[in-house]
1. Condition test on residue 398, is it modelled with pLDDT of 90 or more, part of a loop (DSSP other than H, G, I, E, B), more than 21 Å from residue 526 (Cα to Cα) and small (Gly, Ala, Ser)?
2. For the stretch 126-150, enumerate the residues that are within 14 Å of the ligand (Cβ to nearest atom) and part of a strand (DSSP E or B).
3. Taking the stretch 568-601 only, how many residues are in a loop (DSSP other than H, G, I, E, B) and within 24 Å of residue 642 (Cα to Cα)?
4. State which residue is modelled with the highest pLDDT when the search covers only the stretch 99-118 and only residues that are of a type in the set (S, T, N, Q) and farther than 23 Å from residue 283 by Cβ.
5. Being of a type outside the set (A, V, I, L, M), at pLDDT 95 or above and surrounded by fewer than 21 Cβ atoms within 10 Å (Cβ to Cβ) is the requirement here; does residue 245 meet it?
6. Can you name the condition, by its number, that residue 125 falls short on among (1) modelled with pLDDT under 95; (2) β-branched (Val, Ile, Thr); (3) out of contact with any Gly (no Cβ under 7 Å at 6 or more places or on another chain)?
7. Scan the stretch 619-631 and give yes if some residue there is aromatic (Phe, Trp, Tyr), at pLDDT 90 or above and buried (at least 19 other Cβ atoms within 10 Å of the Cβ), otherwise no.
Amino acid sequence: MADPAGPDTDSAARARQLQAELDHHSKLYYAGKPEIPDADFDDLFNELKALEEQHPELVHPDSPTQRVGAPPDTAFVPVRHQPPMMSLHNALDVEELRAWHERIGRALAAPPTEQSLPTTGEAAVGDFAVELKFDGLAISIRYEDGVLVRAATRGDGRTGEDVTHSVRTIADVPIRLRGTAPAVLEVRGEVILRLSTFEQLNARQLERGDKPYVNPRNAAAGSLRQKDARVTAARGLSFWCYQLGHASGGPAFTSHLQTLEWLASLGLPTDEHAARLGDLAAVESHVVDFERRRHDLDFEFDGMVVKVDDLATQARLGVDAKAPRWAIAYKFPPEERTTKLLDIHVSIGPSGQATPFARLAPVFVGGVTVGTATLHNEDQVAAKDVRPGDTVIVRRAGEVIPEVVGPVLAERPAGSRPWEFPPDCPVCGETLRRAEGMSATMCVNYWCPRQIRGRIEHFVGRAAMDIEYLGERNIDRFVSEGLLADVVGLYGLDFERIEQMDGFGETSVNNLRKSIEDSLQQPLARLLFALSIPEIGQVNARVLAAAFGDIDGILGADEEALAAVEGFGPIIAASVRAWFDDPHNRKLIEGLRAAGLHMVADEPGAGADGEMLPQTLAGMSVVVSGTLEGFSRDEAKQAIVARGGSAPGSVSGRTTALVAGADPGASKLRKAESAGVPVIDEAAFGELLDTGRLP
Ligand code: IVH
């Protein structure tokens with residue numbers, strides 16, 4: 001509602017500030033170098049829109065609310081768009097989608113001369129065309145007599161930039177149309193970079209010591225606006241055509257989807273996901289369904305575009321200053337937001353690895369509130385150059401862990417300095433070390449309390465010695481109360497004292513005692529895995545056990561013999577040898593032997609002589625998702641392949657089983673469910689590897 005008293009000075013000043021900020025960010029966005037995520041831009045935009053609605057006299061014709069995009073860059077030849085390339089209004093949830101539907105229903109029911117007057121009746125809107133909202137760059141391509149003559153970016157909607165030389169290099173864009181092309185055809189669509197191509201591009205950037213691109217859209221924008229078309233060609237851009245701009249000499253159509261079919265018949269790439277839906281209820285369930293499938297495709301789409309399909313109805317609804325009334329973008333919740341990076345801390349993992357992580361001002365992103373995010377290692381912090389006090393972009397896409405993408409440099413406080421890795425372990429105070437050529441920084445104090453607990457946690461794990469009733473909390477208590485100092489101590493626990501502790505009773509203590517006793521019989525492979533030997537995951541532990549038969553065989557093997565083990569080589573051999581030569585570890589092994597552990601391999605398998613593993617998975621296809629305790633992703637795949645199976649990256653009807661570790665991919669789980677593929681945990685995976693049978 002307009003405020004009759006007129007704007008106060010604060011509102012006027014705020015509006016001016018917002019207009020200037022939005023101008024600044026639009027320019028950067030269209031140059032492919034945005035500083036802030038879209039969602040933050042939208043917040044500023046919505047604030048300005050609300051302010052202008054309250055005080056209409058603050059609206060200038062060139063306010064960002066009245067315009068599309070940014071003025072074209074003068075370095076490129078300007079191209080005039082006829083008709084203009086418009087933007088889309090957004091619906092941020094289903095309610096806003098319904099409000100749009102009601103608006104157009106009312107507009108259609110009103111007498112044609114007074115479209116804005118509300119009436120009670122609603123005229124039929126007809127079918128909807130629902131498409132993906134591709135997250136790339138809008139371009140217009142002009143064909144004359146079937147030959148590509150010009151391509152231009154959107155620019156400010158009226159005038160864009162000539163990027164013909166770049167667009168010609170995009171394999172998806174035909175240089176010559178198929179069939180009977182009209183005299184003039186101008187089409188609109190989105191240039192995107194597929195996720196797989198984006199990952200390869202960033203890997204190359206890193207190899208060359210160049211900064212990686214923040215997201216596929218920025219990379220696509222940067223690639224398109226290259227002066228040298230050879231650079232663009234090497235980037236592997238893709239294109240989706242979603243709209244007819246203008247055709248002279250072509251057939252007449254009554255429906256938008258028909259025009260898309262015709263464009264496809266001319267050889268232009270249109271998206272197979274475009275659907276015709278009869279009513280808003282169908283549209284709603286369709287867009288919500290795609291929101292769930294957001295991460296299933298090899299390119300990013302940040303919403304769905306709902307268009308009135310009938311072209312005559314589109315014409316009746318018309319356009320406003322910024323966007324057509326006959327279409328709306330249903331936007332998915334943002335996966336990138338900015339927030340303050342309060343501080344960078346280091347956490348010590350169970351094996352002593354020191355991992356830097358960001359403490360963030362809590363921010364709602366990707367459907368959850370995020371307060372911390374890993375920064376992986378020293379090099380990653382340096383590459384991103386994020387500093388305490390920075391405003392940073394935080395991303396959480398799908399189910400994956402939140403990530404700090406990079407700083408917003410324009411908002412960096414004066415006098416900030418690059419972050420430096422702390423010299424000492426925050427748990428035990430010993431000096432942290434980073435070995436040459438390694439990315440990880442380590443606390444190498446064997447007696448660091450975090451590592452003592454970490455080794456015990458790993459030792460009792462399900463895929464290791466499988467000792468139950470001993471979670472992280474109890475291990476913590478036993479260690480801090482002096483009941484437990486290492487894994488040997490498990491076999492001499494003072495159960496009488498434990499029974500006196502809070503939360504324990506006779507039954508739970510008996511269960512714990514039995515579980516520890518049972519673990520004495522675990523085969524050598526499990527023990528080797530349980531010992532946290534660097535490079536020895538579940539797979540290598542099995543190979544090692546099978547190669548030497550018992551613990552003494554390994555203790556007596558020199559580096560050469562270890563390197564000869566199938567799949568080992570010198571690095572693993574050196575790591576194993578070093579571990580067994582460490583006096584702490586020798587003592588540990590003797591302690592475990594004295595406790596009565598069974599240190600013999602159960603079954604022979606792949607040996608030093610290269611004997612094959614039993615082909616338990618021949619003909620099977622096993623997909624792994626999420627984090628497993630006992631295998632890295634590669635190890636799990638190797639384990640499957642070494643047993644004759646295949647380990648593809650996605651679930652299909654032919655998949656034998658999906659192994660779900662911690663935080664498995666939601667899309668894989670859904671696919672497995674719909675295709676009737678069994679989902680198994682890590683223990684069942686171990687059994688499958690051994691026996692080829694599902695539990
Ligand atoms: S139709 C006049 N369809 O979204 C209609 N746009 O926020 C204009 N976009 O500038 C666009 N996918 O770059 C349309 N299936 C789709 C789209 C799409 C992505 C982009 C386009 C547009 C922006 C508006």
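The values are calculated or read from the model by the stated rules, or taken from the named source; none is laboratory data. Here the structure is a predicted model, which is why all the values come from computation and not from measurement. Virtual Cβ from ideal backbone geometry, glycine too; neighbours counted across all protein chains shown.
1. Numbers: modelled with pLDDT of 90 or more: no; part of a loop (DSSP other than H, G, I, E, B): yes; more than 21 Å from residue 526 (Cα to Cα): yes; small (Gly, Ala, Ser): yes.
So residue 398 does not fit the description; no.
2. If the condition is that a residue be within 14 Å of the ligand (Cβ to nearest atom) and part of a strand (DSSP E or B), then 128, 129, 130, 131, 132, 133, 134, 137, 138, 139, 140, 141 are the ones that fit.
3. Going through the stretch 568-601, the residues in a loop (DSSP other than H, G, I, E, B) turn out to be 568, 582, 596-599, 601.
From the residues that got through so far, the ones that are within 24 Å of residue 642 (Cα to Cα) too are 568, 601.
Total meeting the criteria: 2.
4. Within the stretch 99-118, the first condition is being of a type in the set (S, T, N, Q), and the residues that meet it are 113, 115-116.
Within this subset, residues satisfying the condition of being farther than 23 Å from residue 283 by Cβ are 113, 116.
Numbers: 113: 56, 116: 49.
Among residues in the stretch 99-118 that are of a type in the set (S, T, N, Q) and farther than 23 Å from residue 283 by Cβ, the one modelled with the highest pLDDT is 113.
5. Working: of a type outside the set (A, V, I, L, M): yes; at pLDDT 95 or above: no; surrounded by fewer than 21 Cβ atoms within 10 Å (Cβ to Cβ): yes.
So residue 245 does not fit the description; no.
6. Among (1) modelled with pLDDT under 95; (2) β-branched (Val, Ile, Thr); (3) out of contact with any Gly (no Cβ under 7 Å at 6 or more places or on another chain), the lone unmet condition for residue 125 is (3).
7. So the first thing to find is which residues in the stretch 619-631 are aromatic (Phe, Trp, Tyr), and the list is 631.
Okay, now just the ones that are also at pLDDT 90 or above, so none.
No, because not a single residue in the stretch 619-631 is aromatic (Phe, Trp, Tyr), at pLDDT 90 or above and buried (at least 19 other Cβ atoms within 10 Å of the Cβ).
Yes/no per residue for (1) within 16 Å of the ligand (Cβ to nearest atom); (2) part of a strand (DSSP E or B):
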{"residue": "304", "(1), (2)": "yes, yes"}
{"residue": "315", "(1), (2)": "yes, no"}
{"residue": "342", "(1), (2)": "no, yes"}
{"residue": "350", "(1), (2)": "no, no"}
{"residue": "371", "(1), (2)": "no, yes"}
{"residue": "394", "(1), (2)": "no, yes"}
